[in-house]
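Asks: Can you read through this structure? Questions will come right after.
The values are calculated or read from the model by the stated rules, or taken from the named source; none is laboratory data. The shown structure was predicted, so the numbers you read here are calculated from the model rather than taken from an experiment. Note that each Cβ is placed from the backbone with ideal geometry, even for glycine, and that neighbours are counted across all protein chains shown. The protein model used for the area step is the full one, side chains on, heavy atoms only, and it has no ligands, DNA or RNA in it. Shrake-Rupley method; radii C 1.70, N 1.55, O 1.52, S 1.80 Å.
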Amino acid sequence: MDVETTGLDPERDRIIEIFMLALSKSGEVAQYETLINPERPLLPEIVELTGLTDADLKDAPLEAAVAPEIREFIGLGTPVAHNLSFDLRFVNAMFRRNNLLELGEGGLDTLAISRALFPKLAIYPGGGGSHRLSNLMYHFRLDGAYANAHRAREDVLLLVEVFRHLQDYAAGRGSLSYPEPLIYGCPTCGSVMYVNREDGRDVLVCKNQPSCQVKLVV
């Protein structure tokens, strides 16, 4: 699942978009997607981040109309998200306002899985940060298939692929291999490294510059 919101406070702010994919034990796939009218204007930074505008949300259903549908779609399923606690806080706040059963704290968080598997994952150009979903997109070489757009649907589709790659890597089935500094940080000071492109080569540069001048060709 993935939600886009009017801000960071689940009590004060509201969900403006949600997209969910459900995979049954039989292998059937279902999806749920909706915009939600937050009944308030969007801040400029939210418009820039999501690409959504007040005009996009003007005729969208209100929270009270879709909250029961969202709760029914989730049912007893196990939530999967990147930074799961963020999504759960917003979804549960919505359920509380509409007198619906909240979700528990369980689920699968690809952010936590990434941190466990790649303690200090290098930051790729355009990745934004070590364990961001966009950075994992570059790490698993998925950028050719997925646009780096911050919308709920695109993020969930990317999340599915990232989750599969994390599972494969954890099980030793991954087709890609990585030099240790790329996933464990600078061999000298332990800081996360940047992936730079220099003279047609990928070069790892320590984030702790200028005090650490380590550069490694990978």
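Asks: Using a 1.4 Å probe on the protein heavy atoms only, what accessible surface does Glu39 show? Give it in Å² to the nearest 10.
Replies: For Glu39, solvent-accessible area is about 140 Å².
Asks: Amide H of Gly174: which non-local residues (sequence gap of 5 or more, or other chain) have their own amide H closer than 5 Å, using H built in the peptide plane?
Replies: Result for Gly174 returns Tyr169.
Asks: By the gyration tensor of its Cα atoms, with a ≥ b ≥ c the square roots of the eigenvalues, what is the shape of the range 146-192: rounded for a/c under 1.5, prolate for a/b over b/c, or oblate?
Replies: oblate
Asks: If you average the alpha carbon positions of the range 13-51 and of the range 143-218, how far apart do those two centres end up, in angstrom?
Replies: Spelled out, the Cα-based centre of one part sits 27 Å from the other.
Asks: Not counting ligands, DNA or RNA, and with a 1.4 Å probe, what is Ser177's accessible surface area in Å² rounded to the nearest 10?
Replies: Per-residue accessible area (Ser177): approximately 100 Å².
Asks: Rounded, prolate or oblate for the range 97-218? Axes are the square roots of the Cα gyration tensor eigenvalues, ordered a ≥ b ≥ c, and the cut-off for rounded is a/c under 1.5.
Replies: prolate
Asks: Something else: Between Ile16 and residues 5 or more places away or on another chain, which pairs have amide H atoms under 5 Å apart, with H built 1.01 Å from N, and which residues are they?
Replies: So Ile16 has HN proximity to Glu4, Thr5, Thr6.
Asks: Provide the packing ranking of 48-55, 74-81, i.e. peptides ordered by the mean count of other C-beta atoms within 10 Å per residue, highest first.
Replies: 74-81, 48-55
Asks: Taking a cut-off of 23 Å between Cα atoms, list the lysines near Lys120, but don't count ones fewer than 8 places away on the same chain.
Replies: Output for Lys120: Lys207, Lys215.
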